[in-house]
Amino acid sequence: MGKKGIVCEGGAMRGIYTAGVLDVFIENGIKTDMLMGVSAGACFGCNFISKQVGRTLRYNLRFAKDPRYCSFRSLFKTGDIYGYEFCYHQIPEVLDPFDFNTFKENETEFYVVVTNVKTGKAEYRLLKNMDRSDMEWVRASASMPMVSRTVMIDNEPYLDGGIADSIPVEAAMKLGFEKNVVILTRPEGYQKKPEPLYPLEKIKYRKYPEFLHTLGHRHEDYNRELEVVDKLEKEGKALVIRPSELPEASRIEHDPEKLNSTYLLGRKDAEEALERVKIFLAEGE
């Protein structure tokens with residue numbers, strides 16, 4: 001029997017859509033061998049492993065307008081638009097506790113995708129307990145260029161996993177997960193365009209030519225990955241859930257109503273796809 005997974009792309013606060021999908025999965029007993037998350041897909045996807053329905057929505061609504069969570073004030077003060085200490089320690093450890101024990105006991109493997117700034121290549125990290133060391137990999141996966149400090153882990157510099165691999169379904173398959181539910185945060189027909197900030201990125205990251213090459217071709221790589229996902233779906237190796245309409249939440253969203261509506265859209269689309277998901281995951285068992 002082949003192993004099965006869930007692959008979650010990023011999109012910053014658009015990832016609240018993914019949270020809606022995953023909450024429906026938890027409520028309906030959907031289980032897989034693995035979840036692989038990129039950026040927001042990692043930040044929010046870990047709650048699928050800890051089985052905490054509603055947690056992602058809850059703390060995002062609570063702190064949407066808190067400058068310690070996401071703000072240009074935080075960017076100017078700390079170098080990170082998403083506050084490092086507040087987001088990755090205060091919230092999961094104190095303000096809205098993450099269920100570390102359930103995470104560790106869950107047999108579903110949790111991978112996060114990061115981009116190595118030296119090499120410009122994606123790396124795929126298996127996290128087993130979500131301690132502070134693991135949390136650094138999650139932070140690296142979600143650290144967007146230009147508005148985040150480079151995250152140093154074992155003397156290597158890392159940033160947003162979506163730079164090098166936005167939809168890592170091919171990576172999941174190489175790891176042995178033959179069939180994957182792929183959760184996207186853009187509607188059907190979306191095509192990524194060249195990054196308008198690339199001229200500034202060329203200045204900021206001029207010491208890292210391989211990383212700049214990856215940044216410059218990110219839109220081409222993303223659009224190619226969309227083609228791969230469509231091909232795999234036709235072959236029965238992937239099942240895609242994507243927004244059925246344009247999500248209201250933007251990448252950096254502070255409006256609780258827009259966050260809630262995007263979450264509810266994820267729930268609606270997941271409920272409509274639920275029977276297909278069950279059949280897809282049951283095939284081959």
Over what distance in Å are the Cα centres of the range 258-272 and the range 78-138 separated? 24 Å
Distance in nm between label sites at residue 245 and residue 174, each 7 Å beyond Cα in the beta-carbon direction? 3.9 nm
Quick calc: nm separation of the 7 Å Cα→Cβ label points for residue 73 and residue 207 -> 3.1 nm
Relative contact order for the chain: what percent, with Cα pairs under 8 Å and sequence separation of 6 or more? 27 percent
Karplus-derived 3J(HN,Hα) from phi for the range 87-97 (6.51 cos²θ - 1.76 cosθ + 1.60, θ = phi - 60°), whole Hz, x at Gly and Pro, runs 6, 9, 10, 4, 5, x, 9, 10, 6, 8, x
If you roll a 1.4 angstrom probe over the protein chains with everything in place, what fraction of the accessible area of the chain belongs to carbon and sulfur, to the nearest %? 50 percent
Could you give each residue of the range 270-282 its phi-based ³J(HN,Hα) in whole Hz, using Karplus coefficients 6.51, -1.76, 1.60 with θ = phi - 60°, and x for Gly or Pro? 5, 5, 5, 8, 4, 5, 5, 5, 4, 5, 4, 6, 7
What is the extension gain from residue 228 to residue 53, computed as 0.36 nm multiplied by their sequence separation minus the C-alpha to C-alpha distance, in nm to one decimal? 59.9 nm
Partner lysines whose C-alpha sits under 22 Å from that of residue 121, ignoring same-chain residues fewer than 8 away, are 174, 192, 193, 202, 204, 207
What FRET efficiency comes out for residue 283 versus residue 94 if R0 is 41 angstrom and r is the Cβ-Cβ distance? Round to the nearest 0.05. 0.45
Over the range 1-100, how many pairs of lysines fall under 27 Å by alpha carbon, counting only those 8 or more apart in sequence or from different chains? 7
Using packing as a proxy for protection, rank 176-182, 34-40, 241-247, 75-81 so that the peptide with the highest average count of other Cβ atoms within 10 Å comes first. 34-40, 176-182, 241-247, 75-81
Extension gain residue 193-residue 105, at 0.36 nm per residue separation less the Cα-Cα distance, in nm? 27.6 nm
1.4 Å probe accessible area per residue over the range 152-285, in Å²: 54 Å²
Could you state the accessible area per residue of the range 68-133 in Å², with a 1.4 Å probe and every protein chain left in place? 53 Å²
Please give the calculated 222 nm ellipticity per residue for the chain, where each DSSP H segment of at least 4 residues contributes -39500 (n - 2.57) and the sum is spread over every residue; nearest 500 deg cm²/dmol? -12500 deg cm²/dmol
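With a cut-off of 8 Å between alpha carbons and a minimum separation of six or more residues, what is the relative contact order of the range 189-285 in percent?
Relative contact order, the range 189-285: 19 percent.
The values are calculated or read from the model by the stated rules, or taken from the named source; none is laboratory data. In this text the structure is predicted, and so the values were computed from the model without any measurement. Neighbour counts run over all protein chains shown; Cβ positions are idealised from the backbone, glycine included. Calculation scope for accessible area: heavy atoms of the full protein, side chains included, ligands and nucleic acids excluded. Shrake-Rupley method; radii C 1.70, N 1.55, O 1.52, S 1.80 Å.
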